[in-house]
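Participant: Below is one structure. I have some questions about it.
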Number of protein chains: 2
Amino acid sequence: MTFRETLQCIVENVEGGIGAVIMGYDGIPIDEYIRGDAPYDMQLLAVEYATVLKEVKRTIDILKTGEMEEMSITTERTRILVRAVTEDFFIFLALDRQGNYGKGRYLLKRDVPKMQESLR
Amino acid sequence: MTFRETLQCIVENVEGGIGAVIMGYDGIPIDEYIRGDAPYDMQLLAVEYATVLKEVKRTIDILKTGEMEEMSITTERTRILVRAVTEDFFIFLALDRQGNYGKGRYLLKRDVPKMQESLR
């Protein structure tokens, strides 16, 4: 399975899935799958959240509470889920506000090991 | 109920609760409740995450996806839960890695309206 197929499988199997991107902390994507009717500029969303993640990583390094595993941010209109893949890359999933948050978390957790394999 | 009592009630009613702080985005706390045996410097944790939250707020403003409601960050050793109380203040809850994440989210959601009342 290519990265794109894995991302597509995640987005299409979670209620409210908008898009998913596998991306470096430097904001450069490896691959993405975005639904045709996505209500947001997903590239912009992912790049902006990459900046947040860099800040999160910096904070976690200071606090010495171990590596980052997962982050989620809910706003009035979206739910963002992020899961670390390697030290340099993460997967970013955007859902509608009413999307299935628990299912999204489960799918990311399930698919991260295969992505890690591919990035080795 | 004072802020401290509300915070104590949250921390003591969630498995793995370490401490909770109600705090401004400028990093200045209103009140806090921290378990005596907390394995981390909770003040430092809260202040560092306030910096992350400022970055999150900035990002959400750019993206125009509505106000921030909730954030969670999981590392190898902690789970951090944050919920917006007003435009200026948030509540910050730290749990052990194995703490009851779902219960923590529920308690924050339940208690935020009374905190909003008190801050008016």
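Every number in this text was worked out from the coordinates using simple rules, so none of it is lab data. The shown structure was predicted, so the numbers you read here are calculated from the model rather than taken from an experiment. Every residue, glycine among them, receives a Cβ derived from its backbone with ideal geometry; neighbour counts consider all protein chains shown.
Participant: Name the residue, out of A:ILE18, A:ILE28, A:ILE80, whose mean-square fluctuation peaks in a Gaussian network model built on chain A with Cα pairs under 10 Å.
Facilitator: For chain A, modelled as a Gaussian network with Cα springs under 10 Å, the answer is A:ILE28.
Participant: Could you derive backbone 3J(HN,Hα) for the range A:22-31 from the dihedral phi with the Karplus parameters 6.51, -1.76 and 1.60 (θ = phi - 60°), listing whole Hz in sequence and x where the residue is Gly or Pro?
Facilitator: 9, 8, x, 5, 7, x, 9, x, 8, 7
Participant: Name the shape class, rounded, prolate or oblate, that the alpha-carbon gyration tensor gives for the protein assembly as shown, where a ≥ b ≥ c are the square roots of its eigenvalues, rounded holds for a/c under 1.5, and otherwise prolate holds if a/b is larger than b/c and oblate otherwise.
Facilitator: prolate
Participant: Gap in Å between the Cα centre of the range B:10-87 and the Cα centre of the range A:96-110?
Facilitator: If you average the Cα positions of each part, the centres end up 22 Å apart.
Participant: On to the next question. Rounded to whole Hz and in sequence order, give me ³J(HN,Hα) for the range B:104-116 from the Karplus expression 6.51 cos²θ - 1.76 cosθ + 1.60, θ = phi - 60°, writing x for Gly and Pro.
Facilitator: x, 4, 4, 5, 4, 4, 5, 8, 4, x, 5, 5, 4
Participant: Here's a follow-up. Can you run phi through the Karplus equation (6.51, -1.76, 1.60; θ = phi - 60°) for the range B:41-51 and list ³J(HN,Hα) in whole Hz, with x for Gly and Pro?
Facilitator: Using θ = phi - 60°, the values come out as 7, 5, 4, 4, 3, 5, 5, 5, 6, 4, 5 Hz.
Participant: Right, something else. Would you pull out the residues with amide H under 5 Å of B:GLU70's amide H, same chain only if 5 or more places away, H placed 1.01 Å from N?
Facilitator: A:THR74, B:ALA84
Participant: With a sphere of radius 14 Å drawn around the Cβ of B:VAL14, what net charge do the other residues whose Cβ falls strictly inside it have (Lys, Arg +1; Asp, Glu -1)?
Facilitator: Its environment carries a net charge of +4.
Participant: Provide the convex hull volume over Cα atoms per residue for the range B:1-78, in Å³.
Facilitator: Measuring per residue, one finds 114 Å³ for the Cα hull of the range B:1-78.
Participant: Given the pairs A:LYS109/B:LYS103; A:LYS109/B:LYS54; A:LYS54/B:LYS54; A:LYS114/B:LYS54; A:LYS57/B:LYS57, which are separated by over 22 angstrom at their Cα positions?
Facilitator: Exceeds cut-off: A:LYS109/B:LYS54; A:LYS114/B:LYS54.
Participant: Using a 10 Å cut-off on Cβ to Cβ distances, tally the other chain neighbours for every residue of A:74-84 and report the average as a whole number.
Facilitator: Taking the mean over all residues of the peptide, I get 5.
Participant: Name the long-range amide H neighbours of B:GLY99: under 5 Å, sequence gap of 5 or more, or other chain; modelled H, no Pro or chain starts.
Facilitator: Those lying under 5 Å, H to H, from B:GLY99: there are none.
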